[in-house]
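Novice: Here it is, the structure in full.
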Amino acid sequence: MSNQSDQLSPASRAMIAAALIGGGASSAKQWHAYQQQEVSLDEATKQVLTDAVKAGAIGGLATAAAGAMAGRPLLSMLALLSVGAAGMHLMDEMKGNTQDEEA
């Protein structure tokens, strides 16, 4: 017998859903930029993948934090919002530092 479960945790499901949604939104934006010849296909693809990973990580972390507050709806909602905002800020800071190093 195995103790493993075939079910994904809520955080894993949220990570997958957030990555799909974030990647889809980024795809639409990057496709428009590609059609306007503002970016190359390689640059657009790289940006879509980066955005999907960011969205997935932030969605998974936010859901995991909210899950730790289970049974407390107000705290769960605040945890989702604060972890999501902190994740976005962290990603922007990391992107800013990388661009500063390249310049």
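Novice: Taking the Cα centre of the chain as origin, sum charge times position over the Cβ atoms of Lys and Arg (+1) and Asp and Glu (-1), and report the length of that vector in debye to the nearest 20. Please report the intermediate quantities before stating the final value.
Specialist: Values: 6 positive and 10 negative charges, 118 e Å.
So the dipole magnitude of the chain works out to roughly 560 debye.
Novice: Right, something else. Across 10 Å bins from the origin, how do the percents of Cα pairs in the chain run, short distances first?
Specialist: 15, 32, 31, 16, 5, 0
Novice: What does the net charge come to around Ala44 if you take all other residues with beta carbon closer than 10 Å to its beta carbon, with K and R at +1 and D and E at -1? Don't jump to the answer; show the numbers that get you there.
Specialist: Working: positive: Lys29, Lys46; negative: Glu38, Asp42, Glu43.
Around Ala44, the surrounding residues sum to -1.
Novice: May I pose another question? At a Förster radius of 25 Å, what calculated FRET efficiency corresponds to the Cβ-Cβ distance of Leu81 and Arg13, to the nearest 0.05?
Specialist: Values: r = 19 Å, r/R0 = 0.77.
So the FRET efficiency works out to roughly 0.85.
Novice: How high is the relative contact order of region 26-87, in percent, with contacts defined as C-alpha pairs under 8 Å that are six or more residues apart?
Specialist: Reported relative contact order: 25 percent.
Novice: Would you calculate, for the chain, the mean residue ellipticity at 222 nm contributed by helices, counting each DSSP H stretch of 4 or more residues as -39,500 (n - 2.57) and dividing by all residues, to the nearest 500? Write down the numbers at each step before the final one.
Specialist: Details: 3 runs with 84 residues, N = 103.
Calculated at 222 nm, the ellipticity per residue is -29500 deg cm²/dmol.
Laboratory data are not the source of any read-out in this text; all were calculated from the coordinates shown. Note that the structure is predicted; figures quoted are calculated from it, not measured. FYI the Cβ positions are ideal-geometry reconstructions off the backbone, even for glycines, and counts take in every protein chain you see.
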